[in-house]
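The structure appears below as C-alpha cells.
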C-alpha cells in the first residue's frame, strides 16, 4: 500500500481513538456520579465522615444477613427554631435519620446514595438542646455519612445549622463510643516509614552507585568509539544471553532462601494446588479464597509437583513450585525480543533496550519469584501478542500462526481473567489485516477471525460456561461470590484525591499505595512495593536487597518519563508508518497496553482497596511496555548530537546505574 493511500486509515485511527477516549471518560463519569455499586465519594454538603480506624489491609468479612451498623451522633444547641429547615443527606448503604428521636428519613441497601436526599426537619427541631442520630449499615465498606441541616428563611440562600465533620461521635455495633474522622483514602500506612527513605538509601549506597555510573560512562566512551558494526548488530542476542544468565542466577541463588509461604495471596494459591493434588478435581469458586481462578497455572504447578513427588510441605517445593514462574519470566523476555526485532528491524539499539527492560523489569522479577498464576498468564499473553505481531507484519496470513494464536489465547484465558482483554483486541486487528493487507473479502476475513476465536472458546471457554451454569455469571471472583457472605478491605471507598496525587513512592516507597493510586502503581512497578503481599514490614523476607531497591525508586523516575515518551513515539509510529502491517502491529500493542491500563484503573473503582493498585496486574502487557521502553530509552541517544558526547556518556552512566541497582536488588 502506498504511503499516500494510508491517509484515510489515519483518519479512521484518530476517529476510533477519540471514540475510545470518550467511552473511557463516559465510563468513569458514570462510575463516579451514577453507579451506586462504585463507592466513589463526591463533594456536597458537609464532610464525608466515617468511624475512626487505623490503617491496615486486613480483609473484613461481612454477614449479609446481619450487616454491622454504626450510629453517628451529634448534639447541638438552637437559640430558636427557624421558620423552615431542611436536611441534605447521603449515606452509603442502609440509613436512618432521627432528629430528637423523630425519624425523618430511611433508605434501603439498594437506594441511590449518590443523589442527595432532602426533606424538611423544622417540626423535629426545638429551642435549646437537640440531637441527631444517623444509623448506617454498609455491607461492602465502612459506614459513610454526609449530612447538613440548613435554615432556609424566605429570601436568603440558607444558613448551615449543623453539618457532618470530625466532631461527631459514633456508636459501634456493640454500642461502644468511637471517634469519627473525615473520610480519607490517602492516609499513609505507618509501616511505610519503618524502612529507610530513598534519600538515605542513596546516601548509604552512594559509593556503589557512583562506581556503576563510572562504569556506564566508561563503557559508553569505549564502545562508542571502537565497537565494530558486526558486534553492534549482535547486541540484541547478547542482551538475551545476559538475561538468561541473570534470571538463572536469581532462580538458583534466591529461590532457596525464599520460604514457600511468601507471595501475594500465597495461602490461597497453595490451597488451590493442594485441592488439585488431593481431590484430582477442579474446585468451585466457593471452595476457598483463591478458588475462583481459572485452573491452568495451578494445574501446571500441581502436575509438576506430582511428577516430581514433591508436596507443598517439602523443602524442595520452593524450587519445584517456583520453576514455572521463572520459566514464564524468560518466555516474556523472548517474546519481547522476537517482537522488537520485527518492529525495529535493523535497529539493534532499540531492540537491545527493549530486551534489557523486559529482563530487568522489577515487577516481572518479583512476581516470577512467588507462586502465582500471574507470570504464566503474562507469558501466554506475551506469546500471543508476539505471534499476532508476526501475523500482522507478514505479507500473507499463515494458518499455522492462526492456529497457534487460538491455542495460546485459549490457554491464557484458562490462566487468568485478564487474558480476556487480549482476545477481542487481537481478533479485531487480525480481521483488519486480512481485509486491508491480504485483500480478503470482508466476509472471508471475518469468517477466518471467527474461526480463530472459536478455537479460543473451544480450548478455554468451558471454564466460563461452567461458572455461568453454576453461578449465573461467566466471571466469578471472590469479590462477588453468591451467598450471604461479603468481604472488603480498607479504605472501602475512593475520592478524587486518590487519583490526582503522587509522591510518597519517591521518598518512602513500600506500602506507598495507601497514599494514592499512582504511588501504588509506581511502587509495585519498580520494586516489591508490597513486600511479597505481607501486611507488615516485619514479616518480609530477606532475599532482596531492600537498600538497593529503595534507592532504585528514585533512579527510576526519569525512566518512567522516558517510558511515557516511548509510548507517545509508539502512537506517532501508529499514525505515520507507511507499511500497513507494521502500523497494525504497532497499533495492536498500543491499544492492548491502553486497554490493560484502563482495566487496572477501572478495577480500583469497583474494588476500592489499598492493595488493588498493583502494577503487575498489567504484567501481561510487558511486550508493549518493553517496546515503549526501547523507543523511549533510545530517544536521547538518537537525538543527542555527537558534539555533546559528554551528555551521551552521562545518560549512559545513569542507565547503567539504574540497571545495576535493579540487578543488585534481586541478586546482591
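The values are calculated or read from the model by the stated rules, or taken from the named source; none is laboratory data. Quick caveat: nothing in here was measured; it's all calculated off a predicted structure. Glycine also receives a Cβ, built like all others from the backbone with ideal geometry; neighbour counts cover every protein chain displayed.
Screening region 521-532 for residues that are in contact with a helix residue (DSSP H, G or I) (Cβ under 7 Å, 6 or more places away or on another chain) and outside any loop (DSSP other than H, G, I, E, B) and picking the one that is farthest from residue 664 (Cα to Cα) gives 521. The combined condition, being under 20 Å from the mean Cα position of the chain (by Cα) and crowded, with 24+ Cβ neighbours inside 10 Å, is not fulfilled by residue 352.
On the basis of being modelled with pLDDT of 95 or more, touching a helix residue (DSSP H, G or I) at 6+ places or on another chain (Cβ under 8 Å), under 24 Å from residue 411 (Cβ atoms) and in a helix (DSSP H, G or I), does residue 601 make the cut? No.
Within the bounds of region 534-554, is there any residue that is within 20 Å of the chain's Cα centre (by Cα), free of Cβ contacts under 8 Å to residues at least 60 places away in the same chain and farther than 19 Å from residue 604 by Cβ? Taking every residue of region 534-554 in turn, none turns out to be within 20 Å of the chain's Cα centre (by Cα), free of Cβ contacts under 8 Å to residues at least 60 places away in the same chain and farther than 19 Å from residue 604 by Cβ.
Filter region 74-106 down to residues that are surrounded by fewer than 15 Cβ atoms within 10 Å (Cβ to Cβ) and in contact (Cβ under 8 Å) with a residue 60 or more places away in the chain and give me whichever is nearest to residue 52 (Cα to Cα). My answer is 76. When region 457-480 is filtered for residues that are assigned to a loop (DSSP other than H, G, I, E, B) and within 19 Å of residue 418 (Cβ to Cβ), the ones remaining, listed by number, are 473, 474, 475, 476, 477, 478, 479, 480. Cβ-Cβ contacts under 8 Å between residues 6 or more apart (or on different chains), taken from a first residue in region 253-268 that is free of Cβ contacts under 8 Å to residues at least 24 places away in the same chain to a second residue that is assigned to a helix (DSSP H, G or I) and surrounded by 14 or more Cβ atoms within 10 Å (Cβ to Cβ), are listed as 261/270. Given the structure, is residue 126 in the same structural domain as residue 175 (by TED's automatic domain parsing), surrounded by fewer than 20 Cβ atoms within 10 Å (Cβ to Cβ), closer than 30 Å to residue 61 by Cα and touching a strand residue (DSSP E or B) at 6+ places or on another chain (Cβ under 9 Å)? So residue 126 fails the test. Here residue 244 does not qualify as closer than 30 Å to residue 295 by Cβ and not assigned by TED's automatic domain parsing to the domain that holds residue 534.
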